[in-house]
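So the structure is just underneath, and the comments pick up after that.
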Amino acid sequence: MLTASAFFAVDAFAQSPPRADTPASARTGAQVSIPISAIRYDVTFDSTTALSRTIAVSMSFTTSSAGKVLLSLPSWTPGSYTIGNFARYISRFGARSGSDSLDWDKTDPDTWRIQAAGPGNVTVVFDYRADSLDTALSWTRPNFAFFNGTNLFLYPEGQGADFVATVVVRTEPAWRVITGMTSTGSPRTYAASSYHELVDMPFFVGRFDVDSAQAAGKRFRIATYPIGSVTPAVRTVMFSQMSKIIPQQAAIFGEVPWNTYTLLQVSDADFPSGAAAGLEHQNSHLDIVSPVVVGNPALASLYAHEVFHAWNVKRLRPADLVPYVYDRPQPTPLLWISEGVTDYYADLTEVRARVITPEGFYAATIGKIETVRQAIPTALEDASLSAWISPVNGTSDLYYDKGSLAGLLLDIAIRDASDNQRSLDTVMRDLYGTTYKRGLGFSNSEWWASVSRAAGGRSFAEFERRYVDGRDPFPYDSILPLAGLRLLVESSVQPSLGVSVSADEQGARVVQVIVGGPGSTAGVKLGDYLVSIGGLTVSDPTFAQKFNDKYAAVPPGGTIPVQVRRGTEMLTFTAPAKFTTSERRRLIAVTNATVKAVRIRNGLLNGAGGVVGAAPR
Ligand SMILES: [Zn+2]
């Protein structure tokens, strides 16, 4: 998931309950349903249900005997690490077999128990209130709906996730349906091979734009609502960006793991202005964006992040999240790898694809460095675990930016240890093959073992202890130079007079004078026009630079001349010298770096080293 970047606001998170120590089945007793088969979901959204912002759901299945059918709804959507309690949106729940109503009650807040009278067909119906503009939820307009399967599709308790299911969408004849789910060939009918697949493929239903192109040899579709919200010119840019970025991502893992990928995007003025959020799935992702950011080329960073997730987290995933369990939080200390390293690769594959310049990559990196610098020191593992409770102290999203920087530092360290023969790409490809391809998740020790192997056996125990499990400041100054990069801290001094000015046609008019401040002490008054400070004309566009050049080395204390115009008089005062110092950080490519460091820097930016070959830029 991604809910923020430098210019995007963060979306809201719900509160989550404390983690249960025991599995749900143990907590609630025998949460096991009698077996059910031939599971099918009919989802109805048309101009009538749209009036009440409702999606009507009918789940039908076959039982082979009488008994209790226990059906549950997830409480969260993977990728959005917060408890959403989707059952709260359900109303008019009912169950029947033929014309007979079946008795039902609840066994927990999101589990229904239905009394099946005997072998036969059972149908469960409910209405789902779809009015939440959130990538993990469901939302309607008079001519459109998007929904997530976690919101609508009940699963039988205690039966595992390996059941096939059919989804039929019932809507207006002129409306469209799009999803990553496989069509059966029948109209608006889809099949999922497991519950995990079923709930990982969101749908658009209604009126929206859709078209497709090729990316990395596979079909790439862009579906956008509302119609016309993304102009043909912007769509062309989006296709162009993704056709360059996806091959760079695929090169890291050695495969494109989908036949068709679908980018689903909703823009709506109800979303916070300037904000953008995305939620990843195995062959699609859903973005919700503020209309004002549509067409902003920086959205490529969000798309690159969500598409990279198709490998990193949807497939290559911490063992704590394998398999997904849908009825309780699933915290992992490795979320910084799933989210932060994904964000690192979003930037990196953008620069490798020439969608951004190296300077753009450095600027994105500095933004992350600043975020971490200004945050309360928080260990990556702790920030990862805390995702589920969304801390209010400003660190709730820290695993993105800090995890991204950890990825950069590890990448450089591996490249340095292997003379650019291997990299973090090597680690991603290695774990993809040794865990995901074998149906497994990866553990913390497998991650660090793979990092160490890529670095020729070098130990990363201290790195882990200090910078991942611990809260030590990141060692930028020792690691960045290995890639010919340097973090520059530039400080500048400016006069601190304790006055505020407002520009008008006559100059810089004093509009506020702080009592007891240097300006006030000197005699500056409201309505004066500030002419010069320290002999430097304030109307000069280079005043700040000139002032810094003149006074940066002057110690505090002493006096400084201040010239003002009052009416027709020109007055010169002597003010106590007081300065404010500000810092600005920049990441720069060092011009006199060693040959090896330049090789590593080029390896990062071009994708050479590790598994990927590319021409030097
Ligand atoms: Zn993400």
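The values are calculated or read from the model by the stated rules, or taken from the named source; none is laboratory data. Everything quoted here is computed from the prediction, not taken from an experiment. Neighbour counts run over all protein chains shown; Cβ positions are idealised from the backbone, glycine included. Only protein heavy atoms, including side chains, enter the accessible area calculation; ligands, DNA and RNA are left aside. Shrake-Rupley method; radii C 1.70, N 1.55, O 1.52, S 1.80 Å.
Tell me the mean residue ellipticity at 222 nm calculated for the chain from its helices only (DSSP H runs of n ≥ 4, each -39500 (n - 2.57), averaged over every residue, nearest 500).
So the calculated ellipticity at 222 nm is -7500 deg cm²/dmol.
For 234, 489, 351, give the ranking by accessible area with the largest first, probe 1.4 Å.
Sorted by accessible area, descending: 489, 234, 351.
Defining a contact as two alpha carbons under 8 Å apart and six or more residues distant in sequence, what relative contact order in percent does the chain show?
Result for the chain is 11 percent.
How about residue 106: which aspartates and glutamates have a C-alpha closer than 16 Å to its C-alpha, ignoring those fewer than 8 places off in the same chain?
Within the straight-line cut-off, residue 106 pairs with 157, 327.
Can you sort 569, 280, 464, 446 by solvent-accessible area, 1.4 Å probe, largest first?
Listed by decreasing accessible area, they come as 569, 446, 464, 280.
How do 163-170, 421-428 rank on mean C-beta neighbours within 10 Å, highest first?
By packing density, highest mean first, the sequence is 421-428, 163-170.
What dipole magnitude, in Debye to the nearest 20, does the stretch 322-412 give about its Cα centre under +1 on Lys/Arg Cβ and -1 on Asp/Glu Cβ?
40
Calculate the dipole size of the chain relative to its Cα centre from +1 charges on Lys and Arg beta carbons and -1 charges on Asp and Glu beta carbons; express the result in debye to the nearest 20.
That gives a dipole near 920 debye.
Does anyone have the angle between helix 358-374 and the longest principal axis of the chain? Alpha-carbon axes, 0 to 90°, nearest 10?
90
Would you rank 317, 96, 188 by solvent-accessible area, highest first, keeping every protein chain in place and using a 1.4 Å probe?
Output order, biggest surface exposure first: 96, 188, 317.
Taking the solvent-accessible surface of protein heavy atoms with a 1.4 Å probe, what is the per residue accessible area of the chain in Å²?
Per-residue value: 40 Å².
Given an 8 Å cut-off on Cα distances and at least 6 residues of separation, report the relative contact order of the stretch 447-579 as a percent.
Contact order relative to length: 19 percent.
Given the convex hull of the Cα atoms of the chain, what is a quarter of its surface area in nm²?
33.5
Between residue 174 and residue 595, with labels modelled 7 Å along Cα→Cβ, what's the label distance in nm to one decimal, could you check?
It works out to 7.0 nm between the two label points.
Report, in listed order, any pair from 244/368; 368/437; 368/578 with a Cα-Cα distance greater than 26 Å.
368/437; 368/578
Which order do peptides 378-385, 292-299, 390-397 fall in by mean Cβ count within 10 Å, highest first?
Top of the packing list down: 378-385, 292-299, 390-397.
Tally Lys and Arg at +1 and Asp and Glu at -1 over the other residues with C-beta under 15 Å from the C-beta of residue 549: what net charge comes out?
The answer is 0.
If you take every residue apart from residue 93 with its C-beta less than 14 Å away from the C-beta of residue 93, what net charge results, scoring Lys and Arg +1 and Asp and Glu -1?
Once all neighbours under 14 Å are counted, the net charge is +2.
Roughly how much of residue 196 is accessible, in Å² to the nearest 10, using a 1.4 Å probe?
60
Give me, ordered by chain and number, the residues 5 or more places off residue 442 or on other chains with an amide H under 5 Å from its own placed amide H.
Result for residue 442 returns 317, 319.
What's the carbon and sulfur percent of the chain's accessible surface, probe 1.4 angstrom, rounded to a whole number?
52
How would you rank 535-545, 146-156, highest first, on the average number of other Cβ atoms within 10 Å across their residues?
The packing order, highest mean first, is 146-156, 535-545.
If the cut-off is 19 Å between C-alpha atoms, which aspartates and glutamates fall inside it for residue 546, apart from same-chain ones fewer than 8 positions away?
Filter leaves 490, 583.
How long is the gain from residue 471 to residue 52 if the chain were fully straight, where each residue apart is worth 0.36 nm and the alpha carbon distance is subtracted?
Net length gain for the segment: 145.8 nm.
Farthest toward the dipole's positive end in the chain, which of 380, 144, 166, given Cβ charges of +1 (Lys, Arg) and -1 (Asp, Glu) about the Cα centre?
The Cα lying farthest towards the positive end belongs to 380.
Given Cα pairs under 8 Å that are at least 6 residues apart, what percent is the relative contact order of the stretch 372-417?
It comes to 37 percent, rounded to a whole number.
Tally Lys/Arg at +1 and Asp/Glu at -1 over every other residue whose Cβ is under 11 Å from the Cβ of residue 248; what's the total?
Counting the neighbours of residue 248, the net charge comes to +1.
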